[in-house]
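Working notes for the structure below.
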Amino acid sequence: MELFTKYYMEWKGEKTSGNASYTNIPRFYYRLPAEDEVLLQKLREESRAVFLQRKSRELLDNEELQNLWFLLDKHQTSPMIGEEAMINYENFLKVGEKAGPKCKQFFTAKIFAKLLHNDPYGRVSIMQFFNYVMRKVWLHQTRIGLSLYDVAGQGYLRESDLENYILELIPTLPQLDGLEKSFYSFYVCTAVRKFFFFLDPLRTGKIKIQDILACSFLDDLLELRDEELSKESQETNWFSAPSALRVYGQYLNLDKDHNGMLSKEELSRYGTGTLTNIFLDRVFQECLTYEGEMDYKTYLDFVLALENRKEPAALQYIFKLLDIENKGHLNVFSLNYFFRAIQEQMKIHGQEPVSFQDVKDEIFDMVKPKDPYKISLQDLINSSQGDTVTSILIDLNGFWTYENREALVASDNDSTADVDDT
């Protein structure tokens, strides 16, 4: 122990002799002000606002972007590839010098190399580079815009923060001009649920701003700025007015007693009305309900799960319902428990029930789990067959589609052949 202390002190002495600051650990933690520390909270809010304003001023504005495009166009390097203007590295650096200090960060060898694609003259596309700059500027603008709603200042948004952001965004989206103001609260709820369903799988009640920027949901939402957005694009966009009205309209149609909530019996009519009673029982056992009935927010999670069964977040939602023993895996007992309800529905519809053993073997063959006797959520995700497996177990229509897949494919091929003949 004495030797250890001696050598340690010698080592420590050598290290600290170079600089006196080594003897002190620099401060790295600053606690957040408490709720009753009003002055400190105001100071923090103001300092954050000033910081965000400064960051906003560092971004390129429209005039500066137009000037950048003019300089790039002026310094393009011949020959053109079709109608694509190109620029070499030498001219690229010249533009960087003339474009001003705000643009300096974009004119690096790393960015040039990133955009370089098989050009025999070692050039990059001017349009690709300009789009890269535009995308970066947009991301920073959006990051700053979202940060203004980050009340805690910790880099994440709570549900109420995101609700405020989307509510104030609605007037800037021409595709939502037709929405009645009375529907705004339902629209905001519909939009926010998609963010939280997919980006907050642990249900912490908050989402990182980085995760919002990294996913495509914000792109889909801001796509509604396009006044000429096609009908097809609107139908496939969860955030569009037709989509939000469709989902809310389905909810109202299911609510037969008009009390604003859905009972198990009312939810049983969802979609084709072929979800099994056992699965619906599990939905009402595991999901948040009020006196045994489901509200609109819980319904949205249900819809998002069933409409996106290929997605990991949706599979996690359904897997939790299928895992009746809460063991973190599905075994033969679990599979049989749910498939028995499919067999009962087949009898009701006058169909010959399929053997569970056959279905069980097919499920394990599809998933190929690490453990041959049980299926984990990760096994289901890795197999890329999660949507098929869950459909077989919870929905008679889904099982029928799987069971008759070969006949359906043949029918599609015949239809295609008929079209080709004509």
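I'm trying to understand the selection: among the residues of the range 39-87, which are open to solvent by less than 90 Å² (accessible area, probe 1.4 Å), of a type in the set (S, T, N, Q) and out of contact with any strand residue (DSSP E or B) (no Cβ under 8 Å at 6 or more places or on another chain)?
Of everything in the range 39-87, those that are open to solvent by less than 90 Å² (accessible area, probe 1.4 Å), of a type in the set (S, T, N, Q) and out of contact with any strand residue (DSSP E or B) (no Cβ under 8 Å at 6 or more places or on another chain) turn out to be Q41, S47, S56, N67.
Take the residues of the range 366-415 that are charged (D, E, K, R), more than 24 Å from I278 (Cα to Cα) and modelled with pLDDT of 90 or more: which is least open to solvent (accessible area, probe 1.4 Å)?
So the first thing to find is which residues in the range 366-415 are charged (D, E, K, R), and the list is 368, 370-371, 374, 379, 387, 395, 403, 405-406, 412, 414.
Narrowing further to those that are more than 24 Å from I278 (Cα to Cα): 368, 370-371, 405-406, 412, 414.
Those still in the list that are modelled with pLDDT of 90 or more too: 368, 370-371.
Details: K368: 154, K370: 187, D371: 53 Å².
Among those that are charged (D, E, K, R), more than 24 Å from I278 (Cα to Cα) and modelled with pLDDT of 90 or more, it is D371.
Tally the residues that are out of contact with any helix residue (DSSP H, G or I) (no Cβ under 7 Å at 6 or more places or on another chain) and either open to solvent by 80 Å² or more (accessible area, probe 1.4 Å) or closer than 30 Å to G96 by Cα (or both), restricting the search to the range 137-182.
Total meeting the criteria: 13.
Based on what the data block shows, is T276 over 13 Å from L380 (Cβ atoms) and either open to solvent by less than 10 Å² (accessible area, probe 1.4 Å) or free of Cβ contacts under 8 Å to residues at least 12 places away in the same chain (or both)? Before you say what the answer is, go through the steps one by one.
Details: over 13 Å from L380 (Cβ atoms): yes; either open to solvent by less than 10 Å² (accessible area, probe 1.4 Å) or free of Cβ contacts under 8 Å to residues at least 12 places away in the same chain (or both): yes.
When the stated conditions are applied, T276 passes them.
Identify all residues within the range 253-278 that are hydrophobic (A, V, I, L, M, F, W, C) and outside any helix (DSSP H, G or I); write none if there are none.
Of everything in the range 253-278, those that are hydrophobic (A, V, I, L, M, F, W, C) and outside any helix (DSSP H, G or I) turn out to be M261, L262, L275.
Checking L254 against (1) in contact with an Asp or Glu (Cβ under 8 Å, 6 or more places away or on another chain); (2) surrounded by 19 or more Cβ atoms within 10 Å (Cβ to Cβ), which single condition isn't satisfied?
Condition not satisfied by L254: (2).
With the structure loaded, tell me whether V137 is in contact with a Leu (Cβ under 8 Å, 6 or more places away or on another chain) and aliphatic (A, V, I, L, M) or whether it fails that test.
On the way: in contact with a Leu (Cβ under 8 Å, 6 or more places away or on another chain): yes; aliphatic (A, V, I, L, M): yes.
Here the answer is yes, as V137 does meet what is asked.
Which members of the range 290-314 meet the condition of being open to solvent by 40 Å² or more (accessible area, probe 1.4 Å) and either part of a helix (DSSP H, G or I) or closer than 16 Å to R193 by Cβ (or both)?
Answer for the range 290-314, where residues must be open to solvent by 40 Å² or more (accessible area, probe 1.4 Å) and either part of a helix (DSSP H, G or I) or closer than 16 Å to R193 by Cβ (or both): K297, E307, N308, E311, P312.
Please go through (1) touching a residue at least 24 places away in the same chain (Cβ under 8 Å); (2) surrounded by fewer than 20 Cβ atoms within 10 Å (Cβ to Cβ); (3) among the β-branched types (V, I, T) for V283 and return the number of the only condition it doesn't satisfy.
Looking at each condition in turn, V283 falls short on (2).
Taking only pairs six or more apart or across chains, which ones have beta-carbon atoms under 7 Å, a first residue in the range 335-361 that is more than 14 Å from Y402 (Cβ to Cβ), and a second residue that is exposed (fewer than 14 other Cβ atoms within 10 Å of the Cβ) and charged (D, E, K, R)?
Pairs found: P353/K347.
Considering only helices (runs of 4 or more DSSP H) fully contained in the range 165-252, which possess at least 2 residues that are over 15 Å from the mean Cα position of the chain (by Cα) and in contact (Cβ under 8 Å) with a residue 24 or more places away in the chain?
Details: elements: 184-199, 209-214, 217-222, 231-236.
Here the list reads 184-199.
The values are calculated or read from the model by the stated rules, or taken from the named source; none is laboratory data. Predicted model, so just to flag it, every value in this text is computed and none were measured. Here Cβ is always computed from backbone atoms with ideal geometry, including for glycine, and neighbour counts include all displayed protein chains. Accessible surface areas use protein heavy atoms only, side chains included; no ligands, DNA or RNA. Shrake-Rupley method; radii C 1.70, N 1.55, O 1.52, S 1.80 Å.
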